[in-house]
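Structure first, commentary second.
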Amino acid sequence: MTLPRSAALACAGTAGALALLFAFPIPISFLVFPVALSVFQFCVTPFLTNTGLYRHHSEMLKATVRTAHTWEIHGGTSWDYIRLFRLSENGTVATRRLLRFYLEGLLDIARLVDSGAIPPEVTVTGTSYFFSEKSARRLGFRIEPAGPRLRAVLVLYYLDLVLLYSFARGWIAFPNVLKARRAAIRAADLVARRRDIEALIARLSRPPASRRAAATPRVSGPSYPPGSAECTASGARPAA
């Protein structure tokens, strides 16, 4: 989507979200707030991508906060899911594709570190609840308690998380965001894991086989959205 069109969509989404909030009296508007937030996030994603506030490392893994010390990564938003998936792909197909997208994003970050575009001392971080903690540790991530900011963002975006999590699982499911953890890894250490990441991507790129399912990294939920951590993917759980 072009910048002018994405800007128009962002304005329309912001106006729609505000209209939803002000259409109801205050007690009810609190209940409508998650819906308004979902509408807003969906509509601003293309604009934030076009303006560079979101830096995508793969189709479903983006970096939001990017400083000399921290590279905060998140999974895709509802916009990305609708753009990349068909409804019939829920469950196993979606899970495998999401895992591959997250791993491709981590591999891209490793390549950028190797080329000098990202400092090796940077900490790559996100919310770990897409990969299981065991899988995240296998890729070299440290698992730490999520801070209050990350937990608050996950709660605010809970409606989106439930929808995206349910799509990935193939049934209605409710992620326990209060148990979310922060996954972190030094950028230089991520480079050292490139072969492991490439091997997992190759495995996930093969046609799925029922007996091979056990070899696929276990999923526990999707990464969270913008400004959140969504992501998340971070070791990515991944995301949001």
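The values are calculated or read from the model by the stated rules, or taken from the named source; none is laboratory data. Just so we're clear, the structure is a prediction, and the values are computed from it rather than from any experiment. Quick reminder, even Gly has a Cβ in these numbers, built from the backbone with ideal geometry, and neighbours come from all protein chains shown.
For segment 41-73, the set of residues classified as out of contact with any strand residue (DSSP E or B) (no Cβ under 7 Å at 6 or more places or on another chain) and in a strand (DSSP E or B) consists of S58 only. Can you find a residue that is modelled with pLDDT under 95, surrounded by fewer than 17 Cβ atoms within 10 Å (Cβ to Cβ) and of a type in the set (A, V, I, L, M) anywhere in segment 54-70? Among the residues of segment 54-70, at least one is modelled with pLDDT under 95, surrounded by fewer than 17 Cβ atoms within 10 Å (Cβ to Cβ) and of a type in the set (A, V, I, L, M), which makes the answer yes.
Restricting to segment 142-175, and then to whatever is of a type in the set (G, A, S) and buried (at least 19 other Cβ atoms within 10 Å of the Cβ), can you tell me which residue is nearest to A17 (Cα to Cα)?
Keep residues of segment 142-175 that are of a type in the set (G, A, S), which gives 146-147, 152, 166, 168, 170, 173.
Right, trim to buried (at least 19 other Cβ atoms within 10 Å of the Cβ) and you get 146, 168.
Working: A146: 28, A168: 26 Å.
It comes out as A168.
Of everything in segment 105-117, what is under 14 Å from E59 (Cβ atoms), surrounded by fewer than 19 Cβ atoms within 10 Å (Cβ to Cβ) and either under 13 Å from the mean Cα position of the chain (by Cα) or not charged (D, E, K, R) (or both)? Give them in sequence order. Don't jump to the end; show me each part of the working.
Let us first name the residues in segment 105-117 that are under 14 Å from E59 (Cβ atoms), namely 105-108.
Then drop every residue that is not surrounded by fewer than 19 Cβ atoms within 10 Å (Cβ to Cβ), which leaves 108.
Of everything in segment 105-117, nothing turns out to be under 14 Å from E59 (Cβ atoms), surrounded by fewer than 19 Cβ atoms within 10 Å (Cβ to Cβ) and either under 13 Å from the mean Cα position of the chain (by Cα) or not charged (D, E, K, R) (or both).
Against the condition more than 21 Å from S166 (Cβ to Cβ) and β-branched (V, I, T), how does V122 come out, does it pass? Before you say what the answer is, go through the steps one by one.
Values: more than 21 Å from S166 (Cβ to Cβ): yes; β-branched (V, I, T): yes.
Here the answer is yes, as V122 does meet what is asked.
When T127, T45 are checked against the criterion of being more than 19 Å from L200 (Cα to Cα) and modelled with pLDDT of 90 or more, a single residue qualifies: T45. Against the test of being under 14 Å from the mean Cα position of the chain (by Cα) and closer than 17 Å to L204 by Cβ, the options L161, L139, L98 yield a single qualifying residue, L98. Restricting to segment 118-149, and then to whatever is of a type in the set (A, V, I, L, M) and touching a helix residue (DSSP H, G or I) at 6+ places or on another chain (Cβ under 9 Å), can you tell me which residue is farthest from L106 (Cα to Cα)? Taking the candidates together, the pick is A146. Does F167 satisfy the criteria of being closer than 20 Å to N90 by Cα, under 17 Å from the mean Cα position of the chain (by Cα), modelled with pLDDT of 85 or more and not aliphatic (A, V, I, L, M)? Yes; evaluated as a whole, the condition is true for this residue.
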